[in-house]
Amino acid sequence: MNVMGVGMGVSDTRELLVFVNVLLQQLGAPVPAVPTMVVSAGLSTSWANVLLLALIATGASLLADWVWYAAGRYYGYRVLSGLCRLSINPESCVSTTELRFRNWGPWSLVLAKFIPGFSTVAPPIAGAVKMPVLSFTLASALGAFLWAFAAMLAGWLFQEQVTAVFDLLRSNWMAMLLVVGLMVSVWLLWKISRRLAYAAKMKSPRISPADLQRFLGSVNEPVRLLDLRPQPIKEAEPLAGWLDANPDTVLAQASQWGAGDFIVTMCACPGDVTANQVASALQEAGFLNAKTLEGGYGAWSTQIQTKSM
């Protein structure tokens with residue numbers, strides 16, 4: 001009787017750990033969830049318990065996705081900008097997120113869980129583009145279940161190995177902790193060095209939203225305002241006066257313009273990453289009046305709202 005009580009207590013603890021771990025990871029906390037799911041399934045005593053753990057992980061993931069979906073629906077693309085700003089490498093966060101969602105569409109939610117980093121930023125994009133709640137829920141739930149079930153299945157199929165590793169960690173936890181800490185430190189230093197190196201390359205001139213608005217009201221010469229946001233976001237939140245531009249084809253588009261045209265690039269990226277890249281490329285191509293809109297879409301929206309009040 002006591003043994004059964006202990007077993008049930010361990011099982012309950014494992015289920016709670018999986019739920020909390022997955023929820024925190026999907027909300028954006030830097031904590032891995034897959035190892036917890038693999039070990040929890042590997043220590044399970046029945047297939048039914050493995051399936052239960054997969055459903056619990058699915059529920060936790062779906063709860064976090066609903067939170068991000070609501071944030072994206074209410075705050076728009078600014079949520080993605082905030083999330084990517086927390087990334088050690090915002091350039092990668094912005095470019096890969098935009099590319100994947102543009103290529104895969106809303107059903108990228110099904111694959112999102114299998115791509116580190118993308119699982120957190122996909123739901124707010126779905127909210128920002130006003131994806132129907134039912135479609136979002138079905139796609140997100142399917143993706144979460146496939147992701148959780150794959151991890152649980154791996155743990156169940158390799159129970160002996162999981163148990164051996166778990167015992168090794170318990171008996172040599174200090175040495176393992178030092179090794180993991182060293183690996184994480186090296187990884188962080190590498191990422192930070194990449195970020196610093198990239199920041200050093202961002203040298204294109206900037207213009208504030210207020211200065212741009214004053215400039216637009218005082219000149220008659222050609223002004224090219226380039227909207228570099230992802231296509232789904234442009235359709236959900238269109239901007240009057242801005243040209244639809246793609247970072248990959250903007251140089252071909254600019255070949256029809258005069259070298260002296262005043263060009264302003266705008267994105268919704270942390271640090272104006274995409275806009276800065278395009279403005280720098282335009283300057284190298286001979287368009288010396290290319291500038292980056294400081295603060296991007298968020299700052300321009302605020303400026304327009306302030307001006308209209």
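Quick notes on this one:
- Filter result (touching a residue at least 40 places away in the same chain (Cβ under 8 Å), closer than 15 Å to ALA154 by Cα, among the small types (Gly, Ala, Ser) and assigned to a loop (DSSP other than H, G, I, E, B)) within the stretch 34-81: SER44
- Yes/no for ASN103 being among the polar types (S, T, N, Q), at pLDDT below 80, assigned to a helix (DSSP H, G or I) and more than 15 Å from ALA128 (Cα to Cα): yes
- Residue match in the stretch 291-301 (condition: without any contact (Cβ under 8 Å) to a residue 12 or more places away in the chain, under 16 Å from TRP242 (Cα atoms) and either in a loop (DSSP other than H, G, I, E, B) or not aliphatic (A, V, I, L, M) (or both)): yes
- Considering the stretch 231-249, and only residues there that are modelled with pLDDT of 90 or more and part of a loop (DSSP other than H, G, I, E, B), the residue that is surrounded by the most Cβ atoms within 10 Å (Cβ to Cβ) turns out to be ALA245.
- Taking the criterion of being small (Gly, Ala, Ser), assigned to a helix (DSSP H, G or I) and modelled with pLDDT of 65 or more, the residues of the stretch 164-221 that qualify are ALA164, SER171, ALA175, GLY181, SER185, SER193, ALA197, ALA210.
- Whichever residue in the stretch 274-285 is buried (at least 24 other Cβ atoms within 10 Å of the Cβ) and among the aliphatic types (A, V, I, L, M) and, among such residues, is farthest from the chain's Cα centre (by Cα): LEU282
- Unmet criterion (only one of (1) assigned to a loop (DSSP other than H, G, I, E, B); (2) surrounded by fewer than 17 Cβ atoms within 10 Å (Cβ to Cβ)) for ALA252: (1)
The values are calculated or read from the model by the stated rules, or taken from the named source; none is laboratory data. The shown structure was predicted, so the numbers you read here are calculated from the model rather than taken from an experiment. Cβ: placed from backbone, ideal geometry, glycine included. Neighbour counts: every protein chain shown.
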